[in-house]
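Some notes on the structure that comes next.
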Amino acid sequence: VCSSDLAVLSNWNYRCAVTGSSLVVRASHIKPWRACNDSERLDPNNGLPLVATLDALFDSQLITFKPSGVIQMSESIPTFERDRLGIAVDMKLRREPTPEMLAYLEFHRERLTV
């Protein structure tokens with residue numbers, strides 16, 4: 001685990017930013033590593049700790065978060081799959097995104113899979 005991942009996890013008390021779970025939590029880049037410069041890669045504001053399922057959907061740009069922190073899902077995720085995965089339309093980040101995080105989230109939202 002690199003130091004930026006530890007900072008992301010530490011900022012959220014080693015719990016998922018959505019569910020609050022401490023099991024199978026991964027530090028996920030908001031702006032993908034391949035699209036970042038070196039400072040963005042190490043910026044703890046460019047990360048969210050997410051449980052494995054949410055992390056996979058987030059990395060695949062099938063879910064993202066609005067400026068309010070409320071989840072935004074791709075329309076390509078069928079309702080029955082959302083139900084199977086336990087993903088509800090009212091899910092949201094446990095706290096408001098920082099101003100620095102908002103720019104990364106905007107980048108991520110612009111790439112949400114339709």
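The values are calculated or read from the model by the stated rules, or taken from the named source; none is laboratory data. The shown structure was predicted, so the numbers you read here are calculated from the model rather than taken from an experiment. Neighbour counts are summed over all protein chains in view; Cβ atoms, including those assigned to glycine, are modelled from backbone coordinates with ideal geometry. Side chains included, ligands, DNA and RNA excluded: accessible areas come from the protein's heavy atoms. Shrake-Rupley method; radii C 1.70, N 1.55, O 1.52, S 1.80 Å.
One line per residue, one yes/no per condition, for (1) modelled with pLDDT of 95 or more; (2) of a type in the set (Val, Ile, Thr); (3) under 25 Å from Glu100 (Cβ atoms); (4) under 15 Å from the mean Cα position of the chain (by Cα):
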| site | (1), (2), (3), (4) |
| --- | --- |
| Ile30 | yes, yes, yes, yes |
| Arg34 | no, no, yes, no |
| Ser39 | no, no, yes, no |
| Pro49 | yes, no, yes, yes |
| Leu54 | yes, no, yes, yes |
| Phe58 | yes, no, yes, yes |
| Phe65 | yes, no, yes, yes |
| Gln72 | yes, no, yes, yes |
| Glu81 | yes, no, no, no |
Is one or more of the residues making up the stretch 52-59 touching a Pro at 6+ places or on another chain (Cβ under 8 Å) and hydrophobic (A, V, I, L, M, F, W, C)?
no
So, first residue closer than 11 Å to Ser21 by Cα and without any contact (Cβ under 8 Å) to a residue 60 or more places away in the chain in the stretch 39-52, second residue open to solvent by 30 Å² or more (accessible area, probe 1.4 Å) and among the β-branched types (Val, Ile, Thr), Cβ within less than 9 Å, six or more apart or across chains; the pairs are Pro49/Val25; Leu50/Thr19; Leu50/Val25; Val51/Thr19; Val51/Val24; Val51/Val25; Ala52/Val24; Ala52/Val25
Filter the stretch 1-15 down to residues that are among the polar types (S, T, N, Q) and part of a helix (DSSP H, G or I) and give me whichever is farthest from Asp55 (Cα to Cα).
Ser3
Whichever residue in the stretch 92-104 is in a helix (DSSP H, G or I) and in contact (Cβ under 8 Å) with a residue 40 or more places away in the chain and, among such residues, is most open to solvent (accessible area, probe 1.4 Å):
Glu100
Lone qualifier among Leu42, Leu54 - being open to solvent by less than 40 Å² (accessible area, probe 1.4 Å) and out of contact with any Leu (no Cβ under 6 Å at 6 or more places or on another chain):
Leu54
Being hydrophobic (A, V, I, L, M, F, W, C), in a helix (DSSP H, G or I) and within 18 Å of Leu112 (Cα to Cα), is that true of even one residue in the stretch 57-64?
yes
Between Val25, Val1, which is open to solvent by 30 Å² or more (accessible area, probe 1.4 Å), modelled with pLDDT under 95 and either over 15 Å from the mean Cα position of the chain (by Cα) or farther than 21 Å from Arg109 by Cα (or both)?
Val1
Picking from Val18, Val89, the residue that is farther than 18 Å from Glu106 by Cβ, open to solvent by 50 Å² or more (accessible area, probe 1.4 Å), part of a loop (DSSP other than H, G, I, E, B) and in contact with a strand residue (DSSP E or B) (Cβ under 8 Å, 6 or more places away or on another chain) would be Val89
